[in-house]
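The structure appears below as structure tokens.
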């Protein structure tokens, strides 16, 4: 059973937390992770891209010249694709990029990426966040104390005004509630810092 050191705000180990093996110690499944991230990325797309075909372009109602006798190729409209200002052939149209992934697949992908973070020592747990003035420099000092580097995903159980204020101006920190955590967010982060409460709730949800 994997274990994780719970640290306080100064970086000192205060207790040892035993993690569920079926959540934080599973063999990674690359195909499942790819499918879930592709689904999440697709859901982020607006899909509002559009070009006009020859029927949607304004103008071109009159035949440009007579059918026969000019020596030129027959034409019905100056809005045909071969003309400048004409319609676009096979251009993009508005569409939805979302596609369904099963709940069991999403849960397996979440377990896989969390297990990878534990094996890479990229999952850091802290007992609580209790700053004096909730200033940005205090939050930076907290991350420095627990040796969190790179792009940091800070996971909490619930948003508090002081924590939001202290983290919003740190460029490499993303603050996120536990129930909004996704496979893409975890993969996109170099390091995860989570409160003990949030980590326990994640374990309960995935067990």
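For the stretch 65-75, state whether one or more residues are in contact (Cβ under 8 Å) with a residue 60 or more places away in the chain and surrounded by 14 or more Cβ atoms within 10 Å (Cβ to Cβ). There is no residue in the stretch 65-75 that is in contact (Cβ under 8 Å) with a residue 60 or more places away in the chain and surrounded by 14 or more Cβ atoms within 10 Å (Cβ to Cβ). All of (1) in contact with a helix residue (DSSP H, G or I) (Cβ under 6 Å, 6 or more places away or on another chain); (2) assigned to a loop (DSSP other than H, G, I, E, B) hold for residue 37 with one exception: (2). In a residue-by-residue description of the stretch 86-104, the property of being under 30 Å from residue 155 (Cα atoms), outside any loop (DSSP other than H, G, I, E, B) and more than 17 Å from the chain's Cα centre (by Cα) applies to at least one position.
Every residue, every condition in (1) under 28 Å from residue 22 (Cβ atoms); (2) touching a helix residue (DSSP H, G or I) at 6+ places or on another chain (Cβ under 9 Å); (3) not assigned by TED's automatic domain parsing to the domain that holds residue 36, yes or no:
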{"site": "115", "(1), (2), (3)": "yes, yes, no"}
{"site": "120", "(1), (2), (3)": "yes, no, no"}
{"site": "123", "(1), (2), (3)": "yes, yes, no"}
{"site": "128", "(1), (2), (3)": "yes, yes, no"}
{"site": "157", "(1), (2), (3)": "yes, yes, no"}
{"site": "161", "(1), (2), (3)": "no, no, no"}
{"site": "171", "(1), (2), (3)": "no, no, no"}
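Restricting 61, 47, 42, 76 to those that are out of contact with any strand residue (DSSP E or B) (no Cβ under 9 Å at 6 or more places or on another chain) and either under 30 Å from residue 204 (Cβ atoms) or modelled with pLDDT of 95 or more (or both) reduces the list to 42.
Quick check on the stretch 7-26: of everything there that is part of a helix (DSSP H, G or I) and touching a helix residue (DSSP H, G or I) at 6+ places or on another chain (Cβ under 8 Å), which residue is surrounded by the fewest Cβ atoms within 10 Å (Cβ to Cβ)? Applying the filter and picking the extreme gives 22.
The values are calculated or read from the model by the stated rules, or taken from the named source; none is laboratory data. Only a predicted model underlies this, so the values are computations on that prediction, with no experimental measurement involved. We place every Cβ from the backbone using ideal geometry, glycine too, and count neighbours over all the protein chains shown.
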